[in-house]
Amino acid sequence: METQNYQFSYIIAYKHTQDRLPLLRKTIAWLHQIKGAEIIIVEQDKIQKLEETDHRARHYIFLKNEGQFEKTWAFNVGAKYATTNTLVFGDADLIMNTTEFQKSLQEFKTKNYDVLSPHSQVLDLTAQENNLPLNKLYEIKRQGRKTELLPGNTTHQNVSLCGGITIWKREALDKVNSWPEEFIGWGCEDNAQSEKVLKLGLKNKTMDYKAYHLYHKRVAPNENQYLRNLNLLKQVQGMTDQQMLQWINQKRGKIGHLNKYA
């Protein structure tokens, strides 16, 4: 399914706010520096707010959703539009050193990994650092939050293997039946996806590089929804390998639908 034009598909889930738009633009500017990037933007909202000049993507998809943002649904729809077998899922406010990201892609393909995190830490930038040119960002030396297969806690100070930016083989994503759409709103979906990687024994690696999280004001999650996600994560973590397979297979054909709420 690989094309000559694109070496990998980069899928971004986006919910528009005025302060997030400059971050998306900077992230896309970064991606345009990487050869072979098929950029796929999936906007989710009550009405479409992005203009073509905002995203400059190969594919732009709008998902109508009048409820809470569902990143996993956006990822699953975006993956269906991808024309390559190397699928990268990233947040709209995360960038990396271009050379290090390309080395991660090379490692992923030559060593035949199922899942790879191109960063071992995520550095939260300041508002002032957002304005630095990309080459100056890469010179920042302080440590960021650690990336791990499973954080082992629920504080979200660390980043799970499937958090931030993650590279997937399409075959491996099919094996876990994409991203779990049961997780609605903010939190725990990346931890649950990491549990799938662990329990299904997918070949994975974390590269010793850094991702840069562009600054934005924190928005407190819906407490009830977050607690629901957290309880669901605990159920997933408590599953046996067989129960995990049953959970995955029960959802086949029931996720990634474009008109989910039509």
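The values are calculated or read from the model by the stated rules, or taken from the named source; none is laboratory data. Please read all numbers here as calculations on a predicted model, not as lab measurements. Cβ placement follows ideal geometry from the backbone for every residue including glycine, while neighbour counts extend to all protein chains displayed. In case anyone asks, the SASA skips ligands and DNA or RNA and just uses the protein heavy atoms, side chains included. Shrake-Rupley method; radii C 1.70, N 1.55, O 1.52, S 1.80 Å.
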With the condition kept exactly as written, say whether any residue in the range 117-127 is in a helix (DSSP H, G or I) and touching a strand residue (DSSP E or B) at 6+ places or on another chain (Cβ under 9 Å). no
Checklist entry - Within the range 114-127, is even one residue out of contact with any Gly (no Cβ under 8 Å at 6 or more places or on another chain), open to solvent by less than 20 Å² (accessible area, probe 1.4 Å) and over 25 Å from Leu21 (Cα atoms)? => result yes
Among residues of the range 218-227 being assigned to a loop (DSSP other than H, G, I, E, B) and surrounded by 14 or more Cβ atoms within 10 Å (Cβ to Cβ), the residue nearest to the chain's Cα centre (by Cα) is Pro221
(1) assigned to a helix (DSSP H, G or I); (2) modelled with pLDDT under 95 all hold for Ala172 apart from (2)
Determine whether Ile34 is open to solvent by less than 40 Å² (accessible area, probe 1.4 Å), of a type in the set (A, V, I, L, M, F, W, C) and under 22 Å from Ile184 (Cβ atoms). no
- request: State whether one or more residues within the range 137-159 are in a loop (DSSP other than H, G, I, E, B), under 21 Å from Ile12 (Cα atoms) and either open to solvent by less than 10 Å² (accessible area, probe 1.4 Å) or touching a residue at least 24 places away in the same chain (Cβ under 8 Å) (or both).
  value: yes
(1) crowded, with 18+ Cβ neighbours inside 10 Å; (2) among the small types (Gly, Ala, Ser); (3) not in a helix (DSSP H, G or I) all hold for Ala192 apart from (3)
If we take the range 1-87, then helices (runs of 4 or more DSSP H) inside it with 2 or more residues that are touching a residue at least 60 places away in the same chain (Cβ under 8 Å) are 21-31, 71-81
Is it true that Leu258 is open to solvent by 40 Å² or more (accessible area, probe 1.4 Å), touching a strand residue (DSSP E or B) at 6+ places or on another chain (Cβ under 8 Å), at negative phi and touching a residue at least 40 places away in the same chain (Cβ under 8 Å)? yes
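Residue by residue, here is whether (1) farther than 30 Å from Thr126 by Cβ; (2) crowded, with 21+ Cβ neighbours inside 10 Å holds:
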residue: Glu38; (1), (2): yes, yes
residue: Val42; (1), (2): no, yes
residue: Tyr60; (1), (2): yes, no
residue: Phe69; (1), (2): no, no
residue: Val88; (1), (2): no, yes
residue: Leu94; (1), (2): no, no
Filter the range 195-217 for residues that are among the aromatic types (Phe, Trp, Tyr) and surrounded by fewer than 21 Cβ atoms within 10 Å (Cβ to Cβ); the one that is farthest from Gln243 (Cα to Cα) is Tyr215
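Residues are listed down the side, and each one gets a yes or a no for (1) β-branched (Val, Ile, Thr); (2) open to solvent by 40 Å² or more (accessible area, probe 1.4 Å); (3) in contact with a helix residue (DSSP H, G or I) (Cβ under 9 Å, 6 or more places away or on another chain):
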{"position": "Ala57", "(1), (2), (3)": "no, no, yes"}
{"position": "Tyr81", "(1), (2), (3)": "no, yes, no"}
{"position": "Thr84", "(1), (2), (3)": "yes, no, yes"}
{"position": "Thr99", "(1), (2), (3)": "yes, yes, no"}
{"position": "Gln102", "(1), (2), (3)": "no, yes, no"}
{"position": "Leu105", "(1), (2), (3)": "no, no, no"}
